[in-house]
1. Could you grab me the full set of residues in region 74-96 that are surrounded by fewer than 19 Cβ atoms within 10 Å (Cβ to Cβ) and within 24 Å of N116 (Cα to Cα)?
2. Name every residue in region 81-100 that is touching a residue at least 12 places away in the same chain (Cβ under 8 Å) and of a type outside the set (A, V, I, L, M, F, W, C), in order of residue number.
3. Which of (1) out of contact with any Leu (no Cβ under 6 Å at 6 or more places or on another chain); (2) of a type outside the set (S, T, Y); (3) within 29 Å of V142 (Cα to Cα) is the odd one out, the single condition D3 does not satisfy?
4. If you check A148 against the conditions, is it away from the ligand (no atom under 11 Å from the Cβ), small (G, A, S), farther than 18 Å from R41 by Cβ and surrounded by fewer than 17 Cβ atoms within 10 Å (Cβ to Cβ)?
5. Would you mention how many residues in region 51-74 are more than 11 Å from the ligand (Cβ to nearest atom), closer than 18 Å to A101 by Cα and among the acidic types (D, E)?
6. Condition check: out of contact with any Asp or Glu (no Cβ under 6 Å at 6 or more places or on another chain), farther than 23 Å from N196 by Cβ, more than 8 Å from the ligand (Cβ to nearest atom) and polar (S, T, N, Q). Does S115 satisfy that?
7. Say we look at region 1-19 and pick out the residues that are β-branched (V, I, T) and in contact (Cβ under 8 Å) with a residue 60 or more places away in the chain; which of these is farthest from the ligand (Cβ to nearest atom)?
8. Just one of (1) aliphatic (A, V, I, L, M); (2) at pLDDT below 95; (3) exposed (fewer than 15 other Cβ atoms within 10 Å of the Cβ) trips up A177, so point out which.
Amino acid sequence: MTDLKAQFVTLEGSEGAGKTTAMHVITECLDAWQVPYITSREPGGEYNAEQIRELLLHSEHLDAKTELLLMFAARNEHLVKVIRPALAAGKWVVSDRFVDASYAYQGYGRGIEWSNIEFLEQMIVAETQPDLTILMDVDTQVGLERAANRSVKDRIEKEAMPFFENIKKGYAKRLQAEPHRIKSIDANANLTAVKNDIVAVMQAFKNGLNQ
Ligand code: T5A
């Protein structure tokens, strides 16, 4: 086992970006490095947070502010009961989505003021910020076509094209603000190219930790 300090890695992207594949590639890297880790997801990742996820994805209607608050309520349970304890125990945490999704979906998608999200981020996330975020950047149409090939759409997936175009803009703004943390991958490419890009990002991140 290597003596790398436990890191918090998150995966982001719009619908059908290929985060499931990306998660496999990341865990293969961590296995190869022999570091202990857990994988998780948002909304969810913990019992109460998974209950909130049900509400978020399968309610008939939710007001945008209710949606934002539920995302952060679920995130708080996830942080307090799963993410912080794992990091404190020396385990890496890889989460399929985290706070950047709230800026992209509730901020840009729903039009909630950025400052409201910043307030909640400060209250709930505080110092538990991701060390690395891999952003799967896919063309909106490509992502939606991929996602359409899967099961029944959830409440958010039923939104129209402009909503998802805005989400892409929201993620672009996050990337612009934090280029050291967020690394963007061309998720339109074929699976082999995507995998190679993720491995390269992970390797560069690890090299940075060793310096
Ligand atoms: N949300 C979440 C918010 O609004 N605010 C928040 O704060 C948070 C945390 C979560 C929803 O909640 C929202 C965002 C979401 O709408 P979810 O079910 O977890 O819901 O959905 P997603 O996170 O969007 O996950 P998806 O399953 O839609 O996207 P993925 O994981 O990116 O897609 P994936 O990997 O299943 O890939 C889709 C298909 O494409 C193929 C795959 O094989 C698969 O069939 N594929 C490729 N095909 C060709 N080339 C490639 N490079 C490919 N990569 C994948």
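1. N76, V80, R84
2. Of everything in region 81-100, those that are touching a residue at least 12 places away in the same chain (Cβ under 8 Å) and of a type outside the set (A, V, I, L, M, F, W, C) turn out to be K81, R84, G90, K91, S95, D96, R97, D100.
3. In the conditions (1) out of contact with any Leu (no Cβ under 6 Å at 6 or more places or on another chain); (2) of a type outside the set (S, T, Y); (3) within 29 Å of V142 (Cα to Cα), D3 misses (3) alone.
4. Numbers: away from the ligand (no atom under 11 Å from the Cβ): no; small (G, A, S): yes; farther than 18 Å from R41 by Cβ: yes; surrounded by fewer than 17 Cβ atoms within 10 Å (Cβ to Cβ): yes.
Criteria not met by A148.
5. Final tally of qualifying residues: 2.
6. Working: out of contact with any Asp or Glu (no Cβ under 6 Å at 6 or more places or on another chain): yes; farther than 23 Å from N196 by Cβ: yes; more than 8 Å from the ligand (Cβ to nearest atom): yes; polar (S, T, N, Q): yes.
Answer is yes for this residue.
7. As a first pass, look at region 1-19 and keep what is β-branched (V, I, T): 2, 9-10.
Still in the list and also in contact (Cβ under 8 Å) with a residue 60 or more places away in the chain: 9-10.
Numbers: V9: 15, T10: 9 Å.
It comes out as V9.
8. It fails just one condition, (2).
The values are calculated or read from the model by the stated rules, or taken from the named source; none is laboratory data. No experiment lies behind these values; they were computed from the predicted model shown. All Cβ positions, glycine included, derive from the backbone under ideal geometry; neighbour counts span all protein chains shown.
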